[in-house]
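Report on the following structure.
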């Protein structure tokens with residue numbers, strides 16, 4: 001079993017009496033990349049700053065490689081935590097050259113030059129040692145920030161929205177590059193992002209956070225197929241909800257019976273989170289459902305369908321045949337896997 | 001769930017508050033803050049004490065028509081100087097930013113220069129050019145036989161001098177606003193069917209209003225605080241009346257009038273602070289905006305050129321020519337610059353000392369204000385800012401009373417003069433240091449902490465080097481203003497301690513115009529030196545950062 005590098009226990013932080021982080025418990029194992037995903041203002045950056053030591057927790061604790069660094073009685077300042085941080089604005093020291101920026105955190109007793117050289121090699125910036133930060137492009141600045149954080153060989157590397165400062169074209173390219181660097185460095189990483197693609201691309205596991213609370217920590221597929229909460233279902237893959245009644249052996253809905261184990265009591269009304277690919281659309285002149293909106297999504301049409309009950313669902317149809325607005329259709333529930341069910345709102 | 005736990009949470013907050021606030025460093029910062037607060041309050045409080053000991057006659061004098069007249073004259077001068085400055089500055093700013101007027105870069109570069117001319121030097125040069133028996137009159141007499149000109153002394157002289165010296169404040173703030181203005185706003189107006197003229201009045205001018213207000217109040221404050229120009233032009237505003245009273249040893253009376261002046265300037269400073277806050281909302285995105293669009297003037301270029309050249313001619317070329325004229329007359333009469341050695345050294349020594357000490361005090365004060373936000377620090381910040389309201393003559397008067405009565409061992413010594421400079425110029429220094437501290441993003445310090453350096457090392461290796469340009473700018477500004485400061489130096493300098501400012505003053509007040517030229521020129525050159533360095537550095541910095 002791998003060692004736990006970062007452990008947060010019941011972490012809590014209030015800003016003027018409103019909780020920014022509420023009872024967050026989280027662990028990251030050695031060499032793992034954990035993505036902390038959530039909408040802006042959900043407390044993900046505060047969580048990271050608590051781990052780095054830029055904020056003091058109001059309750060709970062942070063443990064780094066078995067060493068307690070923060071709880072209501074203990075506070076180890078950031079400079080003694082061996083935590084590398086890549087800031088959203090990179091925070092490169094404007095008065096220091098690339099090499100001096102990278103060397104800043106390397107201890108004197110180490111061979112600084114060799115270390116700087118090695119890290120700049122890793123991020124592919126050899127030859128730019130003497131440049132000043134403002135002479136670099138956005139992507140280069142980001143790699144310097146990454147190199148600077150990696151140079152002291154931190155126990156854990158924290159990245160705060162690392163790609164938000166780059167324009168869309170550059171972002172895809174840099175994302176792949178950063179993913180490579182992180183894997184090669186073997187570092188333990190927490191990466192904070194509001195972008196689901198980034199979280200899925202970079203994270204071994206993804207922690208979804210909302211309103212100061214961690215809703216679910218899991219691998220990407222699991223978040224998509226088995227969301228633990230209604231928020232996760234909506235935030236990941238934009239699910240919609242189909243009401244149904246719990247039976248002994250499954251869920252009865254207006255578009256079909258779903259045989260699957262149920263946790264809720266028989267007879268209760270619940271909602272199943274579904275994605276467009278969980279439904280099948282059949283053109284049927286006798287069908288009671290109507291197409292109310294269409295859009296083309298490279299390779300398939302996406303339809304919005306109004307069911308006889310008035311509920312709206314979305315489903316995909318092949319790009320070989322197109323159904324115009326108002327077409328009478330039938331919709332069937334055919335997920336091929338259990339759907340997550342939540343109590344009705 | 002939350003109702004169970006508020007008690008322990010509250011305790012935790014209190015403890016962390018204490019550990020954060022009262023470490024050794026913070027205690028030191030608060031100590032400096034308290035000392036500065038005492039120093040800044042000293043003049044006003046002492047004047048209040050003095051005034052309250054004034055007898056009934058002094059109070060009656062205060063309420064007499066003369067005081068009301070002085071108040072009226074002071075306000076009238078401030079108002080008219082501001083209005084004429086706006087009339088000069090707005091077209092000049094607009095021409096140099098938004099039109100293709102010939103040589104616009106030259107006009108833009110020359111226009112702020114009158115700021116380096118001390119008001120008493122400006123007044124003396126104006127008087128010797130346009131006054132009775134001045135150069136203009138002599139010229140007219142030989143050519144046209146005109147023997148008398150309308151007298152320059154009094155209101156017209158003060159108005160002309162102060163306007164030509166202080167309009168750059170308005171010019172700079174209006175120019176900055178024009179440069180910052182999003183061209184899309186005017187384009188939107190055009191797309192909605194408004195022509196250039198309608199757009200100018202409907203969009204541009206309203207957007208300039210905060211800049212006009214802020215710059216205008218700076219001009220008004222300059223006028224209210226000025227002593228040199230009104231004294232030489234013999235126009236009885238508050239500062240001149242205070243000086244006269246002081247000389248006639250009617251000190252309680254002087255204290256009373258000084259307090260009235262403080263009340264007036266405080267009002268203007270408060271107004272200015274309000275406008276500054278409002279102006280903040282008018283600045284849109286700070287992101288890279290498109291440069292302003294340039295309007296083709298066509299054949300209107302030539303009147304525009306004449307206008308720009310005329311303003312520069314009056315505010316810069318005329319004083320320069322007069323200065324040169326008196327300098328040559330002085331040389332012809334056997335004046336030598338050598339005689340000014342002691343005065344020059346004294347001026348540099350006193351101003352340099354003031355610059356270093358003021359910035360050394362401003363640094364901890366700014367750290368306190370920026371990094372330890374709270375009601376107490378914002379109060380301290382406001383107090384520092386309100387020191388803008390203290391005219392030199394008032395601070396000097398208060399310190400003379402205080403020194404002579406309570407600390408005779410300090411009276412007429414250099415430290416007391418430096419204290420006066422500190423009180424007068426700390427708002428500038430804090431303003432500069434504070435804004436460069438604000439430009440250092442807190443994440444820079446956090447990044448350094450995260451890389452394993454303690455707070456002291458981070459301050460030395462990151463904060464201080466990044467702050468250096470700001471500290472340098474603050475020190476140069478204090479140096480420049482301290483060099484020019486007349487009333488405080490006049491009243492507080494040790495016996496026999498002559499500076500360039502007092503040398504100019506004593507020569508001019510006895511109408512030895514030729515004798516005043518050399519120290520005036522030296523004064524302008526020495527005080528504009530740091531400013532030139534600053535401007536060049538700033539331009540280099542901008543060029544470096546624009547190369548991206």
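The values are calculated or read from the model by the stated rules, or taken from the named source; none is laboratory data. In this text the structure is predicted, and so the values were computed from the model without any measurement. Cβ: placed from backbone, ideal geometry, glycine included. Neighbour counts: every protein chain shown.
Can you find a residue in segment A:71-78 that is surrounded by 23 or more Cβ atoms within 10 Å (Cβ to Cβ) and touching a residue at least 24 places away in the same chain (Cβ under 8 Å)? Lay out the reasoning, then the answer.
So in segment A:71-78, the residues surrounded by 23 or more Cβ atoms within 10 Å (Cβ to Cβ) come out as A:78.
Now narrow it down to the ones that are touching a residue at least 24 places away in the same chain (Cβ under 8 Å): A:78.
The answer is yes; a qualifying residue exists.
Here's the yes/no breakdown for (1) in a helix (DSSP H, G or I); (2) under 18 Å from the mean Cα position of the chain (by Cα):
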{"residue": "B:433", "(1), (2)": "yes, yes"}
{"residue": "B:437", "(1), (2)": "yes, no"}
{"residue": "B:447", "(1), (2)": "yes, no"}
{"residue": "B:472", "(1), (2)": "yes, yes"}
{"residue": "B:475", "(1), (2)": "yes, yes"}
{"residue": "B:483", "(1), (2)": "yes, yes"}
{"residue": "B:497", "(1), (2)": "no, no"}
{"residue": "B:524", "(1), (2)": "yes, yes"}
{"residue": "B:532", "(1), (2)": "yes, yes"}
| remark: Within segment A:251-266, of all residues that are touching a strand residue (DSSP E or B) at 6+ places or on another chain (Cβ under 7 Å) and under 19 Å from residue A:309 (Cβ atoms), the one surrounded by the fewest Cβ atoms within 10 Å (Cβ to Cβ) is A:252
| remark: A careful count of residues in segment A:106-121 that are modelled with pLDDT under 90 and within 29 Å of the chain's Cα centre (by Cα) gives 0
| task | Identify all residues within segment A:300-345 that are touching a strand residue (DSSP E or B) at 6+ places or on another chain (Cβ under 9 Å), more than 18 Å from residue A:241 (Cβ to Cβ) and assigned to a loop (DSSP other than H, G, I, E, B); write none if there are none. | result | A:319, A:321, A:322, A:323, A:324, A:325, A:326, A:327
| task | Looking at (1) assigned to a helix (DSSP H, G or I); (2) in contact with a helix residue (DSSP H, G or I) (Cβ under 9 Å, 6 or more places away or on another chain); (3) more than 12 Å from chain A (Cβ to nearest Cβ), find the lone condition where residue B:457 falls short. | result | (3)
| query | Which one is surrounded by the most Cβ atoms within 10 Å (Cβ to Cβ), of the residues in segment A:104-135 that are within 12 Å of another protein chain (Cβ to nearest Cβ) and in contact (Cβ under 8 Å) with a residue 40 or more places away in the chain? | reply | A:105
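Can you confirm whether residue B:502 is surrounded by fewer than 20 Cβ atoms within 10 Å (Cβ to Cβ), within 30 Å of residue B:526 (Cβ to Cβ) and either more than 10 Å from chain A (Cβ to nearest Cβ) or modelled with pLDDT of 90 or more (or both)?
Numbers: surrounded by fewer than 20 Cβ atoms within 10 Å (Cβ to Cβ): yes; within 30 Å of residue B:526 (Cβ to Cβ): yes; either more than 10 Å from chain A (Cβ to nearest Cβ) or modelled with pLDDT of 90 or more (or both): yes.
In short, yes.
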| task | Return only the number of the condition from (1) within 31 Å of the chain's Cα centre (by Cα); (2) within 12 Å of another protein chain (Cβ to nearest Cβ) that residue A:100 does not satisfy. | result | (1)
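Within segment A:288-307, is even one residue in contact (Cβ under 8 Å) with a residue 40 or more places away in the chain and surrounded by fewer than 14 Cβ atoms within 10 Å (Cβ to Cβ)? Lay out the reasoning, then the answer.
The initial filter retains those residues of segment A:288-307 that are in contact (Cβ under 8 Å) with a residue 40 or more places away in the chain, namely A:288-289, A:307.
Adding the requirement that they be surrounded by fewer than 14 Cβ atoms within 10 Å (Cβ to Cβ) leaves none.
No: segment A:288-307 contains no residue that is in contact (Cβ under 8 Å) with a residue 40 or more places away in the chain and surrounded by fewer than 14 Cβ atoms within 10 Å (Cβ to Cβ).
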| query | Would you call residue A:228 in a loop (DSSP other than H, G, I, E, B), surrounded by fewer than 21 Cβ atoms within 10 Å (Cβ to Cβ) and either free of Cβ contacts under 8 Å to residues at least 12 places away in the same chain or within 15 Å of the chain's Cα centre (by Cα) (or both)? | reply | yes
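Sort out for me the strands (runs of 3 or more DSSP E) sitting completely within segment A:135-211 that have 1 or more residues that are out of contact with any helix residue (DSSP H, G or I) (no Cβ under 7 Å at 6 or more places or on another chain).
A:156-160, A:205-210
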| task | Kindly list the number of the only condition in (1) assigned to a loop (DSSP other than H, G, I, E, B); (2) closer than 16 Å to residue A:12 by Cβ; (3) more than 10 Å from chain B (Cβ to nearest Cβ) that fails for residue A:31. | result | (2)
| field | Unmet criterion (only one of (1) under 25 Å from residue B:491 (Cα atoms); (2) within 14 Å of chain A (Cβ to nearest Cβ)) for residue B:415 | value | (2)
| query | Which of the following residues is surrounded by 15 or more Cβ atoms within 10 Å (Cβ to Cβ) and touching a strand residue (DSSP E or B) at 6+ places or on another chain (Cβ under 8 Å): A:153, A:142? | reply | A:142
